[in-house]
């Protein structure tokens, strides 16, 4: 984690599955950089301004046309990145599967 302002991360950010890494790797260089930066910032503030609560502990942030869906485990100070998806009709379908 590379924090530009010198702050220590408050949460550990991890990918829930290998698919998340593949989703990010499939983005253009510019899009991937923006998504990775937004994901890194979740270590400092897992509930940034503009995030949306989707379910009990499942949230999403917008990064352009991309949506980063993640689960916050406050007790363990962990943010699990569940998916990176382009906004579409099916983006949030079966959202409960992410928190299983």
Please tell me if residue 42 is modelled with pLDDT under 95, in contact with a strand residue (DSSP E or B) (Cβ under 9 Å, 6 or more places away or on another chain) and crowded, with 16+ Cβ neighbours inside 10 Å.
-> no
Consider residue 92 carefully, then state whether it is at pLDDT below 90 and surrounded by 12 or more Cβ atoms within 10 Å (Cβ to Cβ).
-> yes
Sort out which residues of region 40-56 are within 13 Å of residue 11 (Cβ to Cβ) and touching a helix residue (DSSP H, G or I) at 6+ places or on another chain (Cβ under 8 Å), and write them in order of number.
-> 48
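Yes or no, residue by residue, for (1) at pLDDT 95 or above; (2) surrounded by fewer than 18 Cβ atoms within 10 Å (Cβ to Cβ):
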| position | (1), (2) |
| --- | --- |
| 3 | no, yes |
| 29 | yes, yes |
| 33 | yes, yes |
| 36 | yes, yes |
| 68 | yes, no |
| 71 | yes, no |
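The values are calculated or read from the model by the stated rules, or taken from the named source; none is laboratory data. Everything numeric here is computed off the predicted structure, so don't read it as measured data. All Cβ positions, even for glycine, are placed from backbone atoms using ideal geometry, and neighbour counts span all protein chains on display.
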